[in-house]
Structures are given as C-alpha cells and as structure tokens.
Amino acid sequence: MTKSSEGDAKANSPKQFRDMIRKGEWTKPTIEMCRGYGQANLVVVPMEYAFEFLLFCNRNPQACPIIDVTEPGDPHPKRIAPEADLRTDLPKYRVFKDGEVIDEPIDVMKYWRDDLVGLLLGCSCGFKWAIQAANIPFRRYGGYLTTIPCVSAGRFHGHLVCSVRAFYNAPDAVRAVQISSRHPLMHGAPIHIGDPADIGIKDLGKGGSFIHPNAPAAEHPKPGEIVMCWPSGITPQTAAIESKIPFMITHLGGHMFVMDQLVEELAII
C-alpha cells in the first residue's frame with residue numbers, strides 16, 4: 001500500500017509516487033524522490049504556438065532538452081510514462097496568463113483544453129543522482145536568473161535561468177563536469193564555471209532565488225571552492241514572463257514530473 005510519509009515516498013516506484021501525487025497525498029518538492037529515476041520539467045502551451053516553443057527549445061537545447069511531446073489534447077506522455085496524466089501527476093503547477101502567474105494549483109484539470117500540447121524537458125535532478133553516486137559532495141543554491149539572453153523563436157524570448165552548485169575542490173568539479181556531460185537530456189555540462197556575478201548572479205548565498213524566492217540563505221562559497229552553473233528547465237517560465245505569453249502551464253519550481261526511466265537509461269555512453 002502506498003503511504004504518504006517521506007521515507008515511503010522515497011522508496012516508491014515512479015508509478016506509485018505519481019499515484020500518491022494524483023490522490024493529493026504528496027504536494028511537496030520531488031527533488032529527493034525516486035532515487036535514480038529521471039525527472040522532467042513541464043511546459044504546456046496551446047497548439048497555436050506549440051511549434052514556436054518547440055523551435056525555442058531547439059535553439060536553446062541545454063536549457064530546454066526535449067524528452068517527450070504529447071499530441072494536442074492528450075495529457076499522457078507516451079514515451080516516458082504512458083499511464084501518467086500531466087494534468088494531475090505533478091505536485092504543484094504554475095498557470096501563466098499574459099506573462100503573469102495566475103494560479104499555483106495541485107492539478108490543472110480545470111485549465112485543460114483539447115488544443116493543449118505538453119512538453120517534458122530534462123531536469124538536472126537527473127545528473128544529480130549520478131554525481132551523488134560517485135560520492136562527490138556539493139552544495140546546491142537553486143536557480144537564478146542570468147543576464148544571458150536565450151535565442152528567440154517566434155513570440156518566445158527571455159533570459160537563461162541557471163541552477164548553481166558549489167564544489168569543494170577542483171578534482172570534484174572536474175568529475176562533476178565529466179559526469180554531467182554524459183547527460184545531455186538533463187542539461188549536460190555546466191555553461192559557466194567561476195564567479196556567478198559574471199553572468200548576472202550577484203546574490204548567491206544571500207537567500208532566495210528565481211525558483212524559491214523565499215528560500216533561506218545558504219552558506220556563501222568559501223575560498224578554494226568552485227562554483228558552476230547549469231542551464232535550468234525553469235528558463236521557459238522566464239520566457240513566459242518576458243514574452244507575456246497568453247497562456248502557459250508549467251510545473252512549480254522543484255515540483256517535477258517523475259519519469260519511468262532511470263537516469264542511466266537516458267545517458268550517452
């Protein structure tokens with residue numbers, strides 16, 4: 001029997017965990033759930049401009065690596081979890097209208113339409129499992145908006161969001177680059193190594209981030225530590241805001257879709 005305690009949730013299979021979410025038994029972040037399995041960011045847009053968003057992903061592949069795309073009106077991601085339902089199987093969603101967040105519900109049944117296309121984009125939670133399996137310690141700072149512009153496509157434009165991690169020494173950082181490079185569907189190698197201020201991240205360690213604006217302050221990087229920034233699947237949300245997209249549904253940051261595939265199934269050799 002599926003239970004709602006954190007310990008049991010971690011031990012569940014992806015399907016069991018999604019069943020918990022569908023029943024409203026889990027509404028918290030998914031980051032530590034279903035160890036070893038891939039997680040995906042969600043973007044849902046009307047068919048009218050789904051091609052434009054696909055083109056945006058194609059032009060910004062590290063931030064938006066496409067894993068699955070649904071048919072219009074079909075909420076079932078047949079490639080990665082055919083029994084799942086994108087309307088109910090994420091713990092929390094964000095609903096955008098004209099670039100503004102209008103709701104953060106635990107399901108999007110009332111917003112679903114026959115013309116909506118769902119896109120699942122890889123998440124760095126994937127290569128995180130691989131880095132941890134290699135016994136490489138790091139400190140995670142969350143996702144921050146940068147000054148790096150995305151390549152525009154149609155009505156979609158915006159700035160890159162990066163997830164930031166600090167590593168304690170150079171050997172650990174090198175190994176993390178090697179490991180994450182094997183996972184291009186999970187954002188691949190870091191896009192920046194060094195001072196985050198160089199790409200517009202000036203508040204690292206002071207608390208808050210684009211994903212979790214009310215997060216407590218993290219320990220500031222110490223001398224000798226190496227800070228690396230990876231493109232984040234939150235980037236489409238900045239595009240929704242900056243482009244004032246008429247309608248878009250996404251996951252709430254940290255509340256991803258858990259896939260049926262192990263991270264290693266999606267890695268390159």
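Here are the numbers:
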item	result
Within-15-Å neighbourhood charge of S152 [Cβ basis; K, R +1; D, E -1]	+1
Residues in the stretch 56-73 reached by a label modelled at R113 [backbone nitrogen below 16 Å; 7 Å Cα→Cβ]	72-73
Of (1) 27, 22, 17; (2) 25, 24, 19; (3) 39, 26, 18, the label for semi-axes √(5λ) of the Cα gyration tensor in Å derived from the coordinates	(1)
Sorted by Cβ neighbour density within 10 Å, fewest at the top, the residues H183, H157	H157, H183
Debye, to nearest 20: dipole size of the chain, +1 on Lys, Arg Cβ, -1 on Asp, Glu Cβ	480
For the chain, with +1 on Lys and Arg beta carbons and -1 on Asp and Glu, the positive-most of V258, F167, L90 along the dipole	F167
Descending semi-axes in Å of the stretch 126-236, equivalent ellipsoid built from Cα gyration tensor	22, 18, 12
Label-to-label distance, nm, for residues given as V174 and R59 (7 Å Cα→Cβ offset)	3.8
Range of Cα positions in the stretch 1-131 per principal axis (Å), largest first	42, 35, 27
Restraint check, K92/K202; K23/K128; K28/K222; K78/K244; K15/K92, Cα-Cα greater than 24 Å	K92/K202; K23/K128; K28/K222; K78/K244
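Throughout, read-outs are computed from the coordinates displayed, never taken from laboratory work. Given the structure is predicted, the values throughout are model-derived calculations rather than measurements. Glycine also receives a Cβ, built like all others from the backbone with ideal geometry; neighbour counts cover every protein chain displayed.
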